[in-house]
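Peer 1: Sharing a structure, written as structure tokens. Questions coming.
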Amino acid sequence: MRLARVPMTAALTLGLPMTVAAPALACPPGPGAPPDVLRVTVDDGGGRLSEYDLRCDPVGGTHPEASEACAHLERLGGPVGPSPEGTMCTMIYSGPQRATVRGSWRGRPVDARYDRSNGCETARWRRMAPVLPAPAVRDGSGDLGG
């Protein structure tokens, strides 16, 4: 039991999420599977929405980093799924941004939601870069900076 407490204590001290979320889908496409098409919607936290279509295999759509996003999803095995139930997460709020990724990946439906409400959710968001954009940072004056 002591070995189990040491990593948890260290992770909590460092403010790290207690687990890494597994990909939502990780199976190869079947014969005749529909193309990988995802609609990425991002709310910047101020009510401004950005929407992108991302097609992979072949790469296309309106996503500004389509090639990089598709290559990253391929490495991940698809969009990052939710943190396992019961996961201990740091309660560090990273921002009001929210995003959804909907469509199909490897012939299976995708309906994933992302936010930055705690350490686990922020880690999921970061793992989805460049599919999800890096959030803008407030510069202290109330203005959003790049």
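The values are calculated or read from the model by the stated rules, or taken from the named source; none is laboratory data. If you're wondering where the values come from, they're calculated on a predicted model, not measured in any experiment. To get the accessible areas, we keep the full protein, side chains included, count just its heavy atoms, and leave off ligands, DNA and RNA. Shrake-Rupley method; radii C 1.70, N 1.55, O 1.52, S 1.80 Å.
Peer 1: With all protein chains present, calculate the accessible area of TYR114 using a 1.4 Å probe and round the result to the nearest 10 Å².
Peer 2: Its accessible surface works out to 10 Å², give or take rounding.
Peer 1: Sorted by accessible area (1.4 Å probe), largest first, how do ASP111, ASP44, ASP36 line up?
Peer 2: ASP111, ASP44, ASP36
Peer 1: Here's a follow-up. Using 0.36 nm per residue of separation minus the Cα-Cα distance, give me the extension gain between ALA129 and ASP111 in nm, one decimal.
Peer 2: Going from the current span to full extension adds 4.8 nm.
Peer 1: For SER50 and THR62, calculate 0.36 nm times their separation in residues minus their Cα-Cα distance, and state this gained length in nm to one decimal.
Peer 2: Between SER50 and THR62, full extension yields 3.2 nm more.
Peer 1: Taking a probe of 1.4 angstrom, what is the accessible area of GLU74 in Å², to the nearest 10?
Peer 2: Its heavy atoms expose roughly 100 Å² to the probe.
Peer 1: Which order do you get for THR90, THR62 if you rank them by accessible area with a 1.4 Å probe, largest at the top?
Peer 2: The residues order as THR62, THR90, largest area first.
Peer 1: Heavy atoms only, probe 1.4 angstrom, no DNA, RNA or ligands counted: give me SER117, SER67 ranked by accessible area, highest first.
Peer 2: Descending accessible area places them as SER67, SER117.
Peer 1: Okay, moving on. With the Cα gyration tensor of region 35-146 giving a ≥ b ≥ c as the square roots of its eigenvalues, does the rule (a/c under 1.5 for rounded; else a/b larger than b/c for prolate; else oblate) give rounded, prolate or oblate?
Peer 2: oblate
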